[in-house]
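Enquirer: Mind having a look at this structure? Questions to follow.
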């Protein structure tokens, strides 16, 4: 079910592979950043709930 890409098959398939890898990297970076921000928010909330606690950046 592979379309005939002619003499540019290597270039086209390589482009698809690179695009998929970049999308995967972007997804993983986004998930990691979200996890890090969520943890920082929890730490700030705990500091604010402690007596006399003010968040420090």
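The values are calculated or read from the model by the stated rules, or taken from the named source; none is laboratory data. Note that the structure is predicted; figures quoted are calculated from it, not measured. Cβ atoms come from the backbone with ideal geometry, glycine included; neighbour counts cover every protein chain shown.
Okay, residues lined up against (1) in a helix (DSSP H, G or I); (2) more than 15 Å from the chain's Cα centre (by Cα); (3) at pLDDT below 95:
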| position | (1), (2), (3) |
| --- | --- |
| 10 | yes, yes, yes |
| 15 | yes, yes, no |
| 34 | yes, no, no |
| 37 | yes, no, no |
| 47 | yes, yes, yes |
| 51 | no, yes, yes |
| 55 | no, yes, yes |
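Enquirer: All but one of (1) exposed (fewer than 10 other Cβ atoms within 10 Å of the Cβ); (2) within 11 Å of the chain's Cα centre (by Cα) hold for residue 28; which doesn't?
Expert: Evaluating residue 28 over (1) exposed (fewer than 10 other Cβ atoms within 10 Å of the Cβ); (2) within 11 Å of the chain's Cα centre (by Cα) leaves (1) as the failure.
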